[in-house]
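One structure is given here, and the rest of the page talks about it.
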Amino acid sequence: MSAPLCLPPRPLRPHTGERPLPEGTCDTHMHVFGPADRHPLANGRSYTPHLLTLDDYRPVMTTLRIDRAVLVQPSVYGMDNSALLDALRQMPERLRGVVVVPPDISEPDLLALHAAGVRGVRVNRRNPGGLSLEDVEGLARRIAPHGWHIQLQVELGKAPDLAGLAARCPVPLVIDHFGFLDPRAGPGDATFSGLLRLLEGGTVWLKLSAPYRLGAGVHPYPDLQPVVATLFAHRPDRLLWATDWPHTELWSHMPDELELIEALSFREMPAHLRTQVLVDNPAHLYGFAPAT
């Protein structure tokens with residue numbers, strides 16, 4: 001049985017008003033796919049994406065005034081990072097990468113990836129293939145000298161002892177997509193309280209991304225607002241923002257890019273907090289030069 005084809009992203013709405021995001025903003029989670037003749041999709045994948053390359057993403061950067069971005073290895077390529085690396089070569093000053101590699105990757109290969117702009121390894125436990133949580137500690141020891149991190153796609157309510165893993169891990173952990181919290185449970189929920197404790201430890205980061213994956217309906221995601229406000233009040237220094245473009249594995253209700261910014265109420269946030277989350281935090285984690 002073939003993997004189902006996702007919806008394509010919606011056409012961009014032109015933005016004509018005030019700049020929606022501050023100068024130096026980094027989108028910390030997006031994907032590229034194709035071309036098919038150079039980067040064939042893996043067999044056994046759980047979805048089939050539209051083949052959208054960095055050239056398709058550039059208008060998103062222009063419209064939203066995104067200055068930097070982090071390409072994340074999608075599960076449909078397994079450990080073949082070549083599409084991601086091709087994209088990094090096109091904009092080396094403005095892009096970084098998070099890859100999937102075998103636990104026994106050689107030191108020369110790690111050095112080559114670092115030189116290409118890679119700054120992390122992804123462990124995705126929600127799609128077929130890839131790495132397991134048992135691989136994290138060994139890989140973390142390998143990548144620690146390079147200043148990388150481990151990115152986790154896990155459901156916090158179903159994940160094993162992440163607090164223990166974070167304590168043992170010599171590199172930062174970055175959790176995708178709000179950790180797939182259920183925002184309808186509210187900030188007092190045990191899973192959410194556990195997330196706040198993880199952030200308090202100072203070695204875990206959280207991506208504010210993909211609210212459409214949390215089971216909370218569609219824009220304007222009203223249940224998400226108390227969660228976002230609590231996160232900003234608690235540890236804004238551990239938060240990152242991302243579009244999750246081109247929003248793979250969606251079969252209905254494809255979001256609008258500008259709506260995703262509005263859903264996080266960035267315009268209502270104090271300017272210094274917006275800059276911290278959108279500019280300063282990713283510059284620190286991914287090794288970008290300070291925004292000027």
Please identify the pairs in which a residue from region 221-241 that is within 21 Å of residue 25 (Cβ to Cβ) has its Cβ atom under 6 Å from the Cβ atom of a residue that is among the basic types (Lys, Arg) and at pLDDT 90 or above, counting only partners at least 6 apart or on another chain. 240/207
Within region 257-271, count every residue that is in a helix (DSSP H, G or I), closer than 18 Å to residue 23 by Cα and open to solvent by 20 Å² or more (accessible area, probe 1.4 Å). 4
With respect to residue 284, determine if the residue is within 19 Å of the chain's Cα centre (by Cα), without any contact (Cβ under 8 Å) to a residue 40 or more places away in the chain and open to solvent by 60 Å² or more (accessible area, probe 1.4 Å). yes
How many residues, within region 168-191, are among the aromatic types (Phe, Trp, Tyr) and either more than 20 Å from the chain's Cα centre (by Cα) or farther than 30 Å from residue 138 by Cβ (or both)? 0
I need the full set of residues from region 39-59 which are open to solvent by 70 Å² or more (accessible area, probe 1.4 Å) and under 15 Å from residue 81 (Cβ atoms), in order please. 40
Looking at this structure, is residue 103 open to solvent by 50 Å² or more (accessible area, probe 1.4 Å) and more than 16 Å from residue 31 (Cβ to Cβ)? yes
Which of (1) touching a strand residue (DSSP E or B) at 6+ places or on another chain (Cβ under 9 Å); (2) within 26 Å of residue 168 (Cα to Cα); (3) aliphatic (A, V, I, L, M); (4) part of a helix (DSSP H, G or I) does residue 88 not meet, given it meets every other one? (2)
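If you go through region 74-81 one residue at a time, do you hit one that is within 19 Å of the chain's Cα centre (by Cα) and open to solvent by 30 Å² or more (accessible area, probe 1.4 Å)?
yes
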Out of curiosity, is residue 218 over 15 Å from the mean Cα position of the chain (by Cα), open to solvent by 50 Å² or more (accessible area, probe 1.4 Å) and either among the β-branched types (Val, Ile, Thr) or modelled with pLDDT of 95 or more (or both)? yes
Unique match (being exposed (fewer than 15 other Cβ atoms within 10 Å of the Cβ) and over 27 Å from residue 105 (Cβ atoms)) among 167, 210, 233: 233
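The values are calculated or read from the model by the stated rules, or taken from the named source; none is laboratory data. Since we're looking at a predicted model, the values are computed, not measured. Cβ sites come from the backbone with ideal geometry, for glycine too, and all protein chains shown count toward neighbours. The protein model used for the area step is the full one, side chains on, heavy atoms only, and it has no ligands, DNA or RNA in it. Shrake-Rupley method; radii C 1.70, N 1.55, O 1.52, S 1.80 Å.
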